[in-house]
Amino acid sequence: MKKVCKYSLSAAILVFVLSQSVYFEDLKVVREQRRREAFNAAEYAGDLWLNELPSVLDEAVDVKELIELFNTNMGQAIERYGKTPGVSRVYAYLLKGEGTILSIDRDGLKVSVKEPQTNPDVVIETGSYIPGNAVRDASGLIDVSKFSDTMKFNEIGSEINKIIVRDVIRPLPDKKPTVGGTIKFFGATQVAQDAAEENLLQLVRVVPIRLELE
Amino acid sequence: MSRKFLIFTVMSLGLLVLGFGCKQKEQGPGKDEDSQSKRRIAVVISTLNNPWFVVLGDTAKARAEELGYEATIFDSQNDTAKESDHFDNIIAAGYAAILFNPTDADASIANVKKAKEAGIPAFCIDREINSNDLAATQVLSDNYAGCVDLGQYFVKKMNQKGNYVELLGILGDNNTWNRSKGFHSVVDNYPDLKMVAQQCAEFDRTKAMEVLESIMQANPDINAVFCGNDAMAMGAYQALAAAGKTHKVMVFGFDGAKDVIDSIRDGRIVATGMQFPKRMAQMGAEQADEYIKGKRDFPQKVPVAVELVTQENIAKYTAYGRESEQ
């Protein structure tokens, strides 16, 4: 009986000491805090690209469904899939798709994702730089309110674009894309809410996040 | 034992009173809604020497009045010392809220801080302060993204080559750099586009005219001028007109001010970025009203998109906004 008391007391002390020396925090929250404290836009973007963006790609909507919604019910496209960091007529969308490459030029890869595969539906941007903030905003991973000044928020967008050029676009020629070949992609696009009315939707411009050639 | 219990009880009561007192102070601004001092809203504007800011201030005042407040406009004349004096007077007079267009992203922080300490919330409109825990909220133009669009249009109009000048706004204002960096994030990717001069003209029409006149003496062969706001675009156009060069130099502005919208329609200015001063001012006044009525969960920063206005789409726009919103 004495031994039981002794062990129970020791266990209680051990649990107490451990509970005082160990604590649990959400890794995502800690990572976010560290990134903000020692702000370096390139590192912030790099960490985001490697550790957080892959998990949100599961939420990417099929580009065929998105194009259909853009043309038939833009309000629903915005409500279901559109993201904006503030007040805007332009929304960012995270998307995925598979299609046939119809042409390869300086403008990018023109791809048909619908049958019959005669006209391109999307153009995957493969230029030497990526303007705008499609991937940053479509990911929904960065809250502008967390930054003391918006320049940091903008620098992150710019650094994400540089990573895309370095890691996605520049290695593409080595994969030897060919007209008629099949391409699978994850990416982001930005579309204005009145784009359909203004006939701006002939080609959805996609900033690539992942490209796979078959 | 009874003595210990007594001490414990007294300490607990003391802590309770302290805690209650703190909570009362936090909730203070929303409580005295009906008192006269809580029905006044101050509108502090960086400068009224620019029509764009006059629209921002007048719209904020008008919306606050529509919501039932007495509203007064204070002109900081781009001077942080004057701005600080305004804040002292506003605090002493016990205004309920401040709709604030800061003069300087860093130097204006102290003013928002002292207002907050006095229990008066500040709502930044158009320009930000470099803090995300002092203002109640900040409604800001998304200058960077606006200038990315403007930069792409600039590249297209210049056929990817030529010499250009950039006129910068006030160097202490984040808007100046967000615009410049957004523009350069595109234009710097084209090696045949050469920036022959980049100078500060402080968002001022007269200064822009003088600065460009001086730049053109050393660089007579320029093809375009990118200006960080519309007042400078009008000043630049005046300098070009005096030099007889309006036909060969394209001018790009940023703001959506009346004279530039008219000039785009007339073919004198090529493009501008439409900010929405009326929309931002109205949002600020409505947020202040919600705050006074008890709401607290505002996002700290709300970027408002800027839209590209060109000679091709000018029909959709009017001064300071979209035609459909008037």
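So how many residues does segment B:95-116 have that are more than 14 Å from chain A (Cβ to nearest Cβ) and over 16 Å from B:Val43 (Cβ atoms)?
Going through segment B:95-116 one residue at a time, the tally reaches 3.
Scan segment A:188-214 for residues that are on the phi > 0 side of the Ramachandran plot and modelled with pLDDT of 95 or more and report the count.
The qualifying residues number 0.
Out of the residues in segment A:54-96 that are among the small types (Gly, Ala, Ser) and touching a strand residue (DSSP E or B) at 6+ places or on another chain (Cβ under 8 Å), state the one that is farthest from the other protein chains (Cβ to nearest Cβ).
A:Ala60
Kindly check whether there is at least one residue in segment A:191-206 that is touching a Ser or Thr at 6+ places or on another chain (Cβ under 7 Å) and either open to solvent by 40 Å² or more (accessible area, probe 1.4 Å) or not in a strand (DSSP E or B) (or both).
Checked against the condition, which is being touching a Ser or Thr at 6+ places or on another chain (Cβ under 7 Å) and either open to solvent by 40 Å² or more (accessible area, probe 1.4 Å) or not in a strand (DSSP E or B) (or both), segment A:191-206 yields at least one hit.
Considering (1) within 11 Å of another protein chain (Cβ to nearest Cβ); (2) more than 19 Å from the chain's Cα centre (by Cα), say which one A:Gln190 fails and leave the rest.
Of everything listed in (1) within 11 Å of another protein chain (Cβ to nearest Cβ); (2) more than 19 Å from the chain's Cα centre (by Cα), A:Gln190 misses just condition (2).
If I go through segment B:316-326 residue by residue, how many of them are surrounded by fewer than 21 Cβ atoms within 10 Å (Cβ to Cβ) and either within 12 Å of chain A (Cβ to nearest Cβ) or assigned to a strand (DSSP E or B) (or both)?
Residues in segment B:316-326 being surrounded by fewer than 21 Cβ atoms within 10 Å (Cβ to Cβ) and either within 12 Å of chain A (Cβ to nearest Cβ) or assigned to a strand (DSSP E or B) (or both): 6 in total.
Among the strands (runs of 3 or more DSSP E) lying completely within segment B:122-187, list those that include at least 2 residues that are polar (S, T, N, Q), open to solvent by less than 10 Å² (accessible area, probe 1.4 Å) and within 11 Å of another protein chain (Cβ to nearest Cβ).
Because the criterion is at least 2 residues that are polar (S, T, N, Q), open to solvent by less than 10 Å² (accessible area, probe 1.4 Å) and within 11 Å of another protein chain (Cβ to nearest Cβ), the strands (runs of 3 or more DSSP E) in segment B:122-187 that meet it are B:137-141.
Only one of these is touching a strand residue (DSSP E or B) at 6+ places or on another chain (Cβ under 8 Å) and closer than 22 Å to B:Phe276 by Cα: B:Gly162, B:Gly228, B:Gly182. Name it.
Result of the check over B:Gly162, B:Gly228, B:Gly182: B:Gly228.
Is one or more of the residues making up segment A:100-123 within 17 Å of the chain's Cα centre (by Cα), on the phi < 0 side of the Ramachandran plot and acidic (Asp, Glu)?
no
Has segment B:291-305 got any residue that is surrounded by 19 or more Cβ atoms within 10 Å (Cβ to Cβ) and away from chain A (no Cβ under 14 Å)?
yes
If you check every pair at least six apart or on different chains, which have Cβ atoms under 6 Å apart with a residue in segment B:73-93 that is in contact (Cβ under 8 Å) with a residue 40 or more places away in the chain first and a residue that is in a loop (DSSP other than H, G, I, E, B) second?
From segment B:73-93, the pairs are B:Asn78/B:Ser46; B:Asn78/B:Thr47; B:Asn78/B:Thr103.
Could you grab me the full set of residues in segment A:104-117 that are closer than 12 Å to A:Thr182 by Cα and either of a type outside the set (Val, Ile, Thr) or in a loop (DSSP other than H, G, I, E, B) (or both)?
A:Leu109, A:Lys110, A:Ser112, A:Val113, A:Gln117
On the basis of being out of contact with any strand residue (DSSP E or B) (no Cβ under 6 Å at 6 or more places or on another chain), away from chain A (no Cβ under 14 Å) and more than 19 Å from B:Phe154 (Cα to Cα), does B:Lys245 make the cut?
Answer is no for this residue.
Just checking, how many residues over segment A:127-152 are more than 8 Å from chain B (Cβ to nearest Cβ), surrounded by 21 or more Cβ atoms within 10 Å (Cβ to Cβ) and part of a helix (DSSP H, G or I)?
Qualifying residue count, segment A:127-152: 6.
Taking segment B:236-258 as the search range and keeping residues that are touching a residue at least 40 places away in the same chain (Cβ under 8 Å) and not in a loop (DSSP other than H, G, I, E, B), which one is most open to solvent (accessible area, probe 1.4 Å)?
Restricting to residues being touching a residue at least 40 places away in the same chain (Cβ under 8 Å) and not in a loop (DSSP other than H, G, I, E, B), the top hit is B:Lys258.
Do we find a residue being modelled with pLDDT of 95 or more, more than 21 Å from A:Glu155 (Cβ to Cβ) and either out of contact with any helix residue (DSSP H, G or I) (no Cβ under 6 Å at 6 or more places or on another chain) or within 14 Å of chain A (Cβ to nearest Cβ) (or both) anywhere in segment B:224-233?
Checking segment B:224-233: at least one residue is modelled with pLDDT of 95 or more, more than 21 Å from A:Glu155 (Cβ to Cβ) and either out of contact with any helix residue (DSSP H, G or I) (no Cβ under 6 Å at 6 or more places or on another chain) or within 14 Å of chain A (Cβ to nearest Cβ) (or both).
The values are calculated or read from the model by the stated rules, or taken from the named source; none is laboratory data. Keep in mind it's a predicted model, so treat the numbers as computed, not measured. With ideal geometry, Cβ positions are generated from the backbone for all residues, glycine too; neighbour counts draw on all protein chains shown. In case anyone asks, the SASA skips ligands and DNA or RNA and just uses the protein heavy atoms, side chains included. Shrake-Rupley method; radii C 1.70, N 1.55, O 1.52, S 1.80 Å.
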